[in-house]
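> If you scroll down you'll find the structure; I have some questions about it.
None of the figures in this text is laboratory data; all of them are computed from the coordinates on show. Source: prediction; values computed, not measured. No Cβ is skipped: glycine too gets one built from the backbone with ideal geometry, and neighbour counts run over all protein chains shown.
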Number of protein chains: 2
Amino acid sequence: MTTDVHVRDLRYFVAVAEELHFTRAAEKLYVSQPALSKQIRALERQLDAELFRRDRQGVALTAAGAALLPYAQRVLAVWAEGAAALAEVGAAERSTLVVGMSTSPGRGGLLPAIRSRFTAARPEANVRLRQVSWDDPTAGLADGAADVAFVWLPLPDAERYGWTVVAEEPRLVALLDTHPLAARAEVDFADLVDEPFLALPPDAGPLRDHWLALDERGGQLPRIGAEIASTEETYEALVAGLGICLVATGNAHLITLGGVITRPVHGISPSRYALAWRREDGVRPLVRAYAEACRLVAPMRSADSP
Amino acid sequence: MTTDVHVRDLRYFVAVAEELHFTRAAEKLYVSQPALSKQIRALERQLDAELFRRDRQGVALTAAGAALLPYAQRVLAVWAEGAAALAEVGAAERSTLVVGMSTSPGRGGLLPAIRSRFTAARPEANVRLRQVSWDDPTAGLADGAADVAFVWLPLPDAERYGWTVVAEEPRLVALLDTHPLAARAEVDFADLVDEPFLALPPDAGPLRDHWLALDERGGQLPRIGAEIASTEETYEALVAGLGICLVATGNAHLITLGGVITRPVHGISPSRYALAWRREDGVRPLVRAYAEACRLVAPMRSADSP
DNA sequence: CTACGCTGATAACCAATGGCTATGACGACG
DNA sequence: CGTCGTCATAGCCATTGGTTATCAGCGTAG
């Protein structure tokens, strides 16, 4: 036998104990009097104890009922506290937007501009930025670590996400200043196809392919010089001569440090940088507001999904 | 919407939170894993909060779950305390027998004898004696104030009670020593029919009739000199000359104080004194044991009801 | 003294709940 | 690559918790 009760039954019990009157208690509880009677009897049966004595002159607590009453009240109080705490957490979570990103979006104050527009529209909201490792091309959307994220298109499982493009940038090639091609002001992708490339982790899926420019190779597989999972690794790998890599114009400054230069590349498509969200979150007010702020700040042609 | 939960669901929640593993928690709780899953989801839906995050690497508490956990544990603890308190009261009540009586049964140590037999058979039991006013002929059985009671037969609502006779005693007449009949050693009831009688309260029903010897009056109503509700009142009414009254042999000594005497009466039936109980209590171990002790101590022919 | 009103209890019914078994989806791992 | 182990889902059924309608006891007002 279980000794568990429904908290509702304790509410009923306390109400009757306080009113000492079933009909009045039932009104206060917004249930019918028979329902209350039945529940109290069921409680008495379950606890194997007579809680009330009903006789001519109304209703009275028995010894068992009197013993139980303070505990029932404490249970109700504790549970009310717990529910309040839960509501508080819920409110805080609902008012916090987590923005995922791999490297900082940079791009001339993009993030502060979005942020100020967003907080103007939603002053009560909090924004948390979250750095996500490069092996997650969704920058935290997939596992729920982020509510919205700055990502490179295309996304894997594209049908699960909505997005709005914030920048479209030509891809450059990054290489050592001692590389034979470094002498040219611009290079053609055809000159790069046999070079060893630095690649994202295999987990990155279509994104890895994109930065290897797989589409532009006509089915011929690239040589992989190394795998990289951060800006620093990329720079070190370049300097070590493990390979070359493509990089978005807006990110070029991150690696053009000592010995590394970038050059425009002909023959490959530009990259699209976007703010993305899980499709089912498209209705959340904070998500909508953040996406709207992005559109206003970076008014590209919107490739949103409906 | 109600925010009430079933305590069971909190048990489930706490178990999963502690195990961080549905299947193991389900085993510990002796329910199937789907049932547990369903209940947790229902709880989450009811509270409108995600309590657990289920992903690849198992189950983890969310912020909401972590916030709720301590309250859930406190609710369980408080309720466990309450249930324990209730059980304690229940045990105490179950081991206590309340014996109702109007005046003390007296009769040469009847009560101590019964008590010692009873406690020999049920050492764990407590006996509480309870004095009940004369206007309740069931001496507390009717309103639950007593579990068993020493009463005079016949009882009102006789079908509701079982009993065992402990004494059968001739009725005496009590009167002042200055009364004309006081000179006789014995009197005939016919000599008393026109005397004013002291009577029990009307509430006493058949018992009042019995002590007025209504059956022996052939339909002629008695004169009522006064109504009495205690030994002291009876004595005072006798001394005041308000009337005479019948009294059981075993009770004679209670009122034969200064100026009051008793005389045997011919022509009326004796009285039967019994231990009675509510019929539905006939199965309770303590009630059975007490009745058995009565039978052993006062081995009258038993008029028990089955 | 009867008729009424108010008490809590009961009956009959119905939707929702809570449990079960069987099965599915999916990642981990040999 | 198949199998195992995880949690989720589906379909089923008994129990629960609510409803309205009605009853039985009892005090009280005509």
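> Order these by the 10 Å Cβ neighbour count, fewest first: A:194, B:4.
A:194, B:4
> Please give, to one decimal in nm, the separation of the simple spin-label points placed at residue A:55 and residue B:230, each 7 Å out from Cα toward the Cβ.
Inter-label distance under the simple model: 2.0 nm.
> Let a ≥ b ≥ c be the square roots of the eigenvalues of the Cα gyration tensor of region B:189-276; is it rounded (a/c under 1.5), or, if not, prolate (a/b larger than b/c) or oblate?
rounded
> Quick check: net charge around residue B:212, other residues with Cβ under 12 Å of its Cβ, Lys/Arg +1 and Asp/Glu -1?
-1
> Dipole magnitude of region A:171-269 about its Cα centre, charges +1 at Lys/Arg Cβ and -1 at Asp/Glu Cβ only, in debye to the nearest 20?
Dipole size: approximately 140 debye.
> Of the residues B:111, B:172, B:97, which exhibits the maximal mean-square fluctuation in a Gaussian network model of chain B defined by a 10 Å Cα contact cut-off?
It is B:111.
> Could you line up B:21, B:266 from fewest to most neighbouring Cβ atoms inside 10 Å?
B:266, B:21
> If you don't mind, another one. Identify which of B:296, B:51, B:176 has the largest mean-square fluctuation in a Gaussian network model of chain B, with springs joining Cα atoms closer than 10 Å.
Answer for the Gaussian network model of chain B: B:51.
> Right, something else. Can you give me the Cα centroid spacing of region A:198-260 and region B:128-158 in angstrom?
First find each Cα centre; the distance between them is then 98 Å.
> Also: What number, rounded to the nearest 500 deg cm²/dmol, is the helix-based mean residue ellipticity at 222 nm of the protein assembly as shown, given -39500 (n - 2.57) per DSSP H run of at least four residues and division by all its residues?
Helix contribution divided over all residues of the protein assembly as shown: -11500 deg cm²/dmol.
> Among A:120, A:167, A:25, which one moves the most in a GNM of chain A with springs linking Cα atoms closer than 10 Å?
Fluctuation is largest for A:25.
> To continue, here is another question. Net charge near residue A:225: determine it from the other residues with C-beta under 14 Å of the C-beta of residue A:225, scoring Lys and Arg +1 and Asp and Glu -1.
Local charge sum for residue A:225: -3.
> Additional query: Identify, among B:268, B:237, B:214, the residue whose Cα sits farthest towards the positive end of the charge dipole of region B:171-269, taking +1 on the Cβ of Lys and Arg and -1 on the Cβ of Asp and Glu, with the dipole about the Cα centre.
Selected residue: B:268.
> Figure the gain on full extension for residue A:143 and residue A:27 (residue separation times 0.36 nm, minus the Cα-Cα span) and round it to one decimal in nm.
37.0 nm
> Okay, next question. Among DSSP beta bridges whose residues both lie in region B:171-269, state the antiparallel percentage, nearest 5.
So the antiparallel bridges amount to about 55 percent of the total.
> Considering the options A:70, A:31, B:165, tell which one lies farthest towards the positive end of the dipole of the protein assembly as shown, charges being +1 on Lys and Arg and -1 on Asp and Glu at the Cβ, about the Cα centre.
Towards the positive end, the residue furthest out is A:31.
> Oh, and also: In chain B, which whole DSSP H runs stretch at least 27 Å along their own axis (Cα) and average -0.5 or higher on the Kyte-Doolittle scale?
B:63-94
> Output wanted: per-residue J couplings in Hz (rounded whole) for region B:253-264, from phi through Karplus 6.51 cos²θ - 1.76 cosθ + 1.60, θ = phi - 60°, x for Gly and Pro.
Karplus-based 3J(HN,Hα) across region B:253-264 equals 4, 6, 10, 7, 9, x, x, 10, 10, 10, 9, x Hz.
> Taking the Cα centre as origin and putting +1 on Lys and Arg beta-carbons and -1 on Asp and Glu beta-carbons, what dipole magnitude results for chain B, to the nearest 20 debye?
Roughly 1560 debye for chain B.
> Just the number, please: percent antiparallel of the DSSP beta bridges in chain B, rounded to the nearest 5.
60 percent
> Evaluate the charge dipole of the protein assembly as shown about its Cα centre and quote only its size in Debye, nearest 20, assuming +1 on the Cβ of each Lys and Arg and -1 on the Cβ of each Asp and Glu.
Charge dipole of the protein assembly as shown: 160 debye, to the nearest 20.
> Can you sort B:253, B:210 so the residue with the fewest Cβ neighbours within 10 Å comes first?
Ordered by Cβ neighbours within 10 Å, fewest first: B:253, B:210.
> At 0.36 nm per residue, and after removing the present C-alpha to C-alpha distance, how many nm does the segment from residue A:130 to residue A:257 gain when stretched out fully?
Once the chain is fully extended between residue A:130 and residue A:257, it gains 43.2 nm.
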